[in-house]
Every structure is written in structure tokens, then in C-alpha cells.
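Read the structure below first, then the notes.
Coordinate-derived values only; no laboratory data. Everything quoted here is computed from the prediction, not taken from an experiment. As a convention, Cβ positions derive from the backbone with ideal geometry for all residues, glycine included, and neighbour counts pool all protein chains shown.
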Amino acid sequence: MIDGDMTLEELKNYKGITPCPPDFNNYWDRQLSMVKDYKASYELTFLPEMSSKMMQCYDLTFESFDGSMIYAKYLRPTGNEKKPLVFQFHGYPGSSRSFLELSGFVASDMSVVSMDCRGQGGRSHDKSSYPGTTVSGHIIMGLAGETPDDLYYRKVFLDTVVLVNLMKTIPETDQEKLYSNGASQGAALALVCAALNKDIKRICALYPFLSDYKRVWDLNLDLIAYEGLRYYNKWFDPSGIKVDKTFEKLGYIDVKNFAPRIQGAVLMGTGLLDDICPPSTQFAVFSGLKCYKEHILYPNFSHELIRDFDDRIVNFLRT
């Protein structure tokens, strides 16, 4: 266990301390209504140099709800047969995995689409402007705005909705077998994607990020991925009089608050030595899940590659 976090028994009963806004579900239902009938224009570019007799690879570019151009890699088995589709999301800050890494899903007889998060390390563009600071970290981008609509992650979360709706129109997509997967930020997005898209049947999430922000703050672990929390409060609330309001607003983009909305089956993994996404923040997500769920614990692992979980993903998605 990491210093300052809970015992394993305490973790299993922990539900999180970041507030869930009373209108959380109504807020996100309104957001979904806004994009429900949005039909994204898109372009698929075949990549012969990446493709093979068994696999077809594409660059996918689509226009999201606010005019931002979002890029994704799309790989599928050769042929016209409908296949399960995995929505793969990347860690923070970063970009989609290489075609080589993603091809493992195709080898397992599944298609995969991997989105670059807007304004991070990939090819997606963010057309939005954000009130307040954009100096340190994406969590706090838009936090100074009057409503949660300004928050960066609100827009990324809706990008996943637009992408799912788009991919359901692709003839080779088996709409009865839509899955999501990722680690860290990617795990957070895999979970939120499923919470906002009821058609996602299976979700794999390894040490999810973007959860229980107040707990991270209380543990003084607002470092590396979460460092924006520390800078924001030091710069804009040095006396600490607005801390409660800050975390109330962040509740709209807290993954633990999305957990009860998920209907698909969830496989989650946690390294108990994780000092980047503290285990308690991950257990807060798992505790909130009302669906079928499995939690694989790794006592000797931190925020790192866990090959055992990779193998479990394949079995879980093919069950």
C-alpha cells in the first residue's frame, strides 16, 4: 500500500469523498440530448502500408460537436463480416497507440478504434477556448468558467459519444458487441464512454485516472497527472476559501460519479502501490459500479505495465 492510503479492508468499503452534484445525472442527460442527433462528418483514409491480407488500417478524422477535428486510428479484420468493436483510449497526456500495438485486437478477431484526445499529444485539434488558466494540466482547464460546460473533460467525454455514434454507422461494426478499454486516462474514458453510451457491453479499465479529486488533494498526491489541482488552488485560492466550490464543480467530471450509470460488465485492475492514481480513488469507482464487475488487485505493482491484465482483457472481451 502507498503511504497515507487505506488498508485493503478500508479500501473495499470506500466510496469516495468528491461531491456528486445533485443535478449530475440531469446535467449529463442534457449533454447527451444535445449530441443525440448530431451526425459527424468524417473521412476514412485507407493505409495500404499498414494493412495486410488479414487487416485493414485507416486514418479516421471526424468533426466533433463543437467543430473540433478529432483523429483516430481504425483497424479491422479484412472482409465485410461484422466484427466486435473496441473503443481504445490512451493515457495522459498522450496519443493513440501505434498500429502495431492496436493490431493485437485484430488478431483476436475484433476491430478497434483509438481516438487521440483533443489538445494532447496526438493529431486531434481542440477548437474550444477556455476561461481562466491553461498552464498546468487539463483537469483545471475551464474550471474558472461559470458552468461545467467550460470544462475540458466535458468536451472529451462528449467526443467519445460522437465517436460511438459514428462507428455504429460503419457497416462492419457489430452493434451488439461494442467494448471499451484503456489504462489510466484511457481507463477513465473507457468507463465514461460506457456510462454515456448504454450500448457498450464490456469495459476494461486499468488503474483509472480522473477519480475522486478531493481524495487526491487530501493525500497531497496532486502530483504528475493530478498536479493541476495543486497549482490551481495555490494560484487562485491561496487562502482556501473556495476549495469546496472547486471540488463541487470537478464532481461533474469525476469518474466515480459516472460509475452508477454503467450497465455493461466491467473488468478493473489496480496496482496497490500506485502513487499516481491512488488506490482509494480507484476503489471509489469500483464501489460505485452497480453492474457485473471484477476487480483484479496487484499488490506489488504501481502505475506501470501489467501484462497479466493485458491477457485478461482478451479473455474478458471474448467471453
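Testing the spin-label approximation: label points 7 Å from Cα along Cα→Cβ at residue 168 and residue 43. State their distance in nm.
2.7 nm
Please compute the contact order of the stretch 130-206 in relative form: average sequence separation of alpha-carbon pairs under 8 Å and at least six residues apart, divided by the residue count, as a percent.
21 percent
If each residue's Cβ is checked for other Cβ atoms within 10 Å, how do 161, 216, 255 rank with the fewest at the top? Walk me through the numbers before you get to the answer.
Values: 161 21, 216 24, 255 29.
With the fewest neighbours first, 161, 216, 255 line up as 161, 216, 255.
For the stretch 225-319, what's the relative contact order in percent, using C-alpha pairs closer than 8 Å and at least 6 residues apart?
In percent, rounded to a whole number, it is 28.
From the backbone phi of the stretch 148-153, what are the Karplus-calculated ³J(HN,Hα) couplings (6.51 cos²θ - 1.76 cosθ + 1.60, θ = phi - 60°) in whole Hz, Gly and Pro given as x?
Computed from phi, the couplings for the stretch 148-153 are x, 4, 7, 5, 4, 6 Hz.
Mind checking the full-extension length gain between residue 307 and residue 129? Use 0.36 nm per residue of separation minus the Cα-Cα distance, one decimal, nm.
Separation in residues times 0.36 nm, less the Cα-Cα distance, equals 60.2 nm.
Please report, for the Cα atoms of the chain, the Rg to one decimal and the Dmax as a whole number; what are they, in angstrom?
For the chain, the Cα radius of gyration and maximum Cα-Cα distance read 18.8, 63 Å.
Anyone know which of 210, 229, 305 comes out most mobile in the 10 Å Cα GNM of the chain?
305
Starting from the Cα-Cα distance between residue 245 and residue 300, subtract it from 0.36 nm times their residue separation and give me the gain in nm to one decimal.
Working: separation 55, 0.36 × 55 = 19.80 nm, distance 3.66 nm.
In short, 16.1 nm is gained.
Which one, 200, 262, 276, has the greatest fluctuation when you compute a Gaussian network model over the chain with C-alpha springs under 10 angstrom?
276
Let me have the relative contact order for the stretch 1-76, percent, based on Cα pairs under 8 Å that are six or more residues apart.
Reported relative contact order: 19 percent.
By the gyration tensor of its Cα atoms, with a ≥ b ≥ c the square roots of the eigenvalues, what is the shape of the stretch 163-278: rounded for a/c under 1.5, prolate for a/b over b/c, or oblate?
Since a/c reaches 1.5 and a/b is larger than b/c, the shape of the stretch 163-278 is classed as prolate.
Just grab the label-to-label distance for residue 53 and residue 10, each label 7 Å out from Cα along the Cβ direction, in nm (one decimal).
5.9 nm
Within the set of other residues whose C-beta is less than 11 Å from the C-beta of residue 194, count the net charge using Lys and Arg as +1 and Asp and Glu as -1.
Here the charged neighbours net out to +3.
Which of 256, 201, 245 has the fewest other C-beta atoms within 10 Å, and how do the rest follow up to the most? Let's see the in-between values first.
Numbers: 256 29, 201 17, 245 11.
Going from least to most buried by this count: 245, 201, 256.
Separation between the residue 81 and residue 149 pseudo-spin-labels, each 7 Å from Cα along Cα→Cβ, expressed in nm?
Between residue 81 and residue 149, the label points sit 4.7 nm apart.
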